[in-house]
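Below is one structure, written out as structure tokens; the observations come after it.
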Amino acid sequence: MNRLKKFIYILPAAMLCTGCTAVEAPSTESAAPHHEEVQVDESLIVVGFSQVGAESDWRNAHTESIKAALTPENGFYLIFEDAQQKQENQTKAVRNFILQEVDYIVLSPIVESGWDAVLQEAKDAGIPVILDDRLADVDEDLYTCWLGTNAEREGEMAGHWLEEYLEDAGRDQETIHMVTLQGTLGATAQIGRTNGFSKVLKEHKNWEMMEMMEGDFTQAKGQEVMEELLDKYEDIDVVICENDNMAFGAVDAIKPAERTCGPEGEITIISFDAVQAAFDAMIAGDINATFECNPLHGPKLAEILKTLAEGGEVDKISYMEETYFDTTMDLESIRETRAY
Ligand code: AHR
């Protein structure tokens, strides 16, 4: 069969235009180091994916899942851009996808604000945008649908877990001093987890949230912030870490400070994501519980894109299924079943 081909230009992020006028076809002389011309089988769905970065184990698992699902064998041509935790890079990537006339743009927005202009540009160009993982605070007609996790529910679940944990330990009337290592401020996962946990916090007059500091979802920043908090407060009973990597950083700060953590220690550590390394940390007795944030979006995203490409309708919001894990469970066996 004679299959039609279409051509697109791949422009590395460094040379993307920010003003978004027309793209000139690069001259052969200057183009070689800057772009690559590719032939794409017309039958493939061309998807431009703007990823936040590689800040955490979760993010890496998320990237792998997307890449494994959006393959040519599965009917896709994926253009993947890593924004290295910078919103301006994501904006540039989206503008470049528009210039490339991709079939769909998938955006995992680093923070919720600041997307109106570029998503309006995508809409004006007639390219549907799917938000994945994190939300954008824009009019609903600027995106087709959102696939993600219910971060507020995760935060609430963590709060209720702590309620029970303290009750079982006979500490439900005691003053409990807490600190929070927050994710990137303004990101959906940060907003949801902070708000969800705060709901439960408000119900307990004896829970005192002494300080919340941004740890940017990274292990290094988590450690730095935890060191600062340990210097400032002698009486921390609970640390809420808004992702596993910050929890690993917190443990890295607590141990050299000659403090102890985990189920047998002085400081209870609650975390989010449930990556494999968090199972190792629970098995080692360093952290108490982790609330799952499922990064395996690839198959569901592929299903959404195929449905749309066939002219079908999809739900405006789709949540991933999630649970939680703590040190009362058979973690060694569960860990073996985990894909990330
Ligand atoms: O948006 C999902 C969050 O982003 C994950 O909890 C975190 O690990 C990641 O960086």
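The values are calculated or read from the model by the stated rules, or taken from the named source; none is laboratory data. Given the structure is predicted, the values throughout are model-derived calculations rather than measurements. Every residue, glycine among them, receives a Cβ derived from its backbone with ideal geometry; neighbour counts consider all protein chains shown.
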Requested in this report: Restricting attention to region 134-183, report how many residues are without any contact (Cβ under 8 Å) to a residue 40 or more places away in the chain and assigned to a helix (DSSP H, G or I).
Outcome: 6
Query raised in the report: If you scan region 197-211, which residues turn out to be surrounded by 20 or more Cβ atoms within 10 Å (Cβ to Cβ) and within 20 Å of Asn245 (Cα to Cα)?
Result: Phe197
Query raised in the report: Are there any pairs with C-beta distances below 7 angstrom linking a residue in region 220-243 that is under 18 Å from Asp273 (Cα atoms) to a residue that is within 15 Å of the ligand (Cβ to nearest atom) and in a loop (DSSP other than H, G, I, E, B), with the two at least 6 apart or on different chains, and if so which?
Result: Lys221/Gly215; Gly222/Gly215; Glu242/Gly183; Asn243/Ser56; Asn243/Gly183; Asn243/Phe217
**Report entry** Unmet requirement for Met226, which otherwise passes all of (1) part of a helix (DSSP H, G or I); (2) within 16 Å of the ligand (Cβ to nearest atom)
**Finding:** (2)
Query raised in the report: Taking region 221-251 as the region of interest, how many residues are surrounded by fewer than 21 Cβ atoms within 10 Å (Cβ to Cβ) and under 20 Å from Gly186 (Cβ atoms)?
Result: 2
Query raised in the report: Of the residues that sit in region 138-172 and are within 13 Å of Tyr324 (Cβ to Cβ) and among the polar types (S, T, N, Q), which one is modelled with the lowest pLDDT?
Result: Thr149
Query raised in the report: Quick one: is Gly183 touching a Phe, Trp or Tyr at 6+ places or on another chain (Cβ under 8 Å), modelled with pLDDT of 95 or more and within 13 Å of the ligand (Cβ to nearest atom)?
Result: yes
Report task. Please specify each residue of region 243-258 satisfying the condition of being within 16 Å of the ligand (Cβ to nearest atom) and not aliphatic (A, V, I, L, M). Result -> Asn243, Asp244, Asn245, Phe248, Gly249
Report summary line: Selection over region 49-91 where residues are assigned to a helix (DSSP H, G or I), away from the ligand (no atom under 16 Å from the Cβ) and closer than 19 Å to Met320 by Cα yields a count of 3
**Report entry** Answer residue from region 186-196, given it is β-branched (Val, Ile, Thr) and surrounded by fewer than 24 Cβ atoms within 10 Å (Cβ to Cβ) and is nearest to the ligand (Cβ to nearest atom) among those
**Finding:** Ile191
Report summary line: Looking across region 118-149 at residues that are of a type in the set (Gly, Ala, Ser) and within 30 Å of Glu42 (Cα to Cα), the single one that is surrounded by the fewest Cβ atoms within 10 Å (Cβ to Cβ) is Gly126
Report task. Please state which of the following conditions Gly170 fails to meet, knowing it meets all the rest: (1) more than 16 Å from the ligand (Cβ to nearest atom); (2) loosely packed, with under 15 Cβ neighbours inside 10 Å; (3) under 13 Å from Ala158 (Cβ atoms). Result -> (3)
**Report entry** Which listed residue, of Gln219, Gln190, is within 25 Å of Ile334 (Cα to Cα) and under 18 Å from the mean Cα position of the chain (by Cα)
**Finding:** Gln219
Report summary line: Checked Leu131, Leu99 against criteria (within 16 Å of the ligand (Cβ to nearest atom) and not basic (Lys, Arg)); the one match is Leu131
